[in-house]
1. Which ones in the range 43-68 are assigned to a strand (DSSP E or B) and either surrounded by fewer than 12 Cβ atoms within 10 Å (Cβ to Cβ) or at positive phi (or both)?
2. Surrounded by 11 or more Cβ atoms within 10 Å (Cβ to Cβ) and not polar (S, T, N, Q): which single residue out of L183, L151 fits that description?
3. Residues that are of a type in the set (V, I, T) and either at positive phi or touching a residue at least 60 places away in the same chain (Cβ under 8 Å) (or both), at least 1 per element: which strands (runs of 3 or more DSSP E) completely within the range 113-196 meet that?
4. Run down V193, V189 and say which single residue is surrounded by 14 or more Cβ atoms within 10 Å (Cβ to Cβ), closer than 30 Å to R16 by Cα and under 17 Å from the mean Cα position of the chain (by Cα).
5. In the range 28-40, is there at least one residue being within 17 Å of R107 (Cα to Cα) and among the acidic types (D, E)?
6. What pairs come out if I take residues in the range 11-37 that are in contact (Cβ under 8 Å) with a residue 60 or more places away in the chain and pair them with residues that are surrounded by fewer than 18 Cβ atoms within 10 Å (Cβ to Cβ) whose C-beta lies under 6 Å away, six or more apart or interchain?
7. With respect to A91, determine if the residue is within 23 Å of A149 (Cβ to Cβ), in contact with a Cys (Cβ under 9 Å, 6 or more places away or on another chain) and not polar (S, T, N, Q).
Amino acid sequence: MAKGSVSASVIRRLPRYYRFLRELSEAGTVRISSGDLARKMGLTASQIRQDLNCFGGFGQQGYGYNVKSLYEEIGRIMGLGTPRKTILIGAGNLGRAITQHMDFASRGFDLTGIFDCNPELIGRQIAGITIQNSTALYDFCVRNHPTVAILCIPKEAAIKLSRDLVALGIKGFWNFSHYDLLLDYEGIVVENVHLGDSLSILCYQLAEMDRENNDKK
């Protein structure tokens, strides 16, 4: 497929394929048909075939998919082979939760530094990493060359800091700050995470289900 021709919806399903295939491989499953995989994932067999065909043909007629090979191939497609040096800025409740509970290495990232401006947090450790003063960020980036930043800071702080981060070579942002960096910067990759939006979507889906149930009465 040409660069940029794979739809966002297909890309967002890749981690789910990766997770299900890992579980199947760990359970000892050697091969699986598109139909069986579809039933486990709540998709259709044609959807799975269409998704995987975006990246090449992985299955064999009458055999299905080799679970381990497909798992490894999807990991390669997602770029998980070479961990990207990553920093986290904002060691408050959200930053600490992410650091403690996220397995960065299995997702292609190497968390190398954590920064905060709160004197009460500086010097503490999270998951074996010492929280540094935000004033040390420039020197750290010059020495270690991280390419990814996780922003767990308020929008106003992100606006002030983002210019420096881009100038220091940060190419990718996992952004919890509610500041849309793509409005001001080109040539970077941003995954915006709006927890409130996600909760609102859940509320809408529940309301829609209520409306459907009421219509049936």
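The values are calculated or read from the model by the stated rules, or taken from the named source; none is laboratory data. Everything numeric here is computed off the predicted structure, so don't read it as measured data. Every residue, glycine among them, receives a Cβ derived from its backbone with ideal geometry; neighbour counts consider all protein chains shown.
1. Passing the criteria: Q60, G64.
2. After applying the criteria, what remains is L151.
3. Once the strands (runs of 3 or more DSSP E) in the range 113-196 are filtered for at least 1 residues that are of a type in the set (V, I, T) and either at positive phi or touching a residue at least 60 places away in the same chain (Cβ under 8 Å) (or both), what remains is 148-151.
4. V193
5. Within the range 28-40 (the criterion being within 17 Å of R107 (Cα to Cα) and among the acidic types (D, E)), the answer is no, since none of the residues qualifies.
6. L14/M78
7. yes
The rows are residues; the columns are (1) crowded, with 17+ Cβ neighbours inside 10 Å; (2) out of contact with any Lys or Arg (no Cβ under 9 Å at 6 or more places or on another chain); (3) among the small types (G, A, S); (4) assigned by TED's automatic domain parsing to the domain that holds L21.
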residue: Q100; (1), (2), (3), (4): no, yes, no, no
residue: Q132; (1), (2), (3), (4): yes, yes, no, no
residue: A136; (1), (2), (3), (4): no, yes, yes, no
residue: K155; (1), (2), (3), (4): no, yes, no, no
residue: A158; (1), (2), (3), (4): yes, yes, yes, no
residue: S162; (1), (2), (3), (4): yes, yes, yes, no
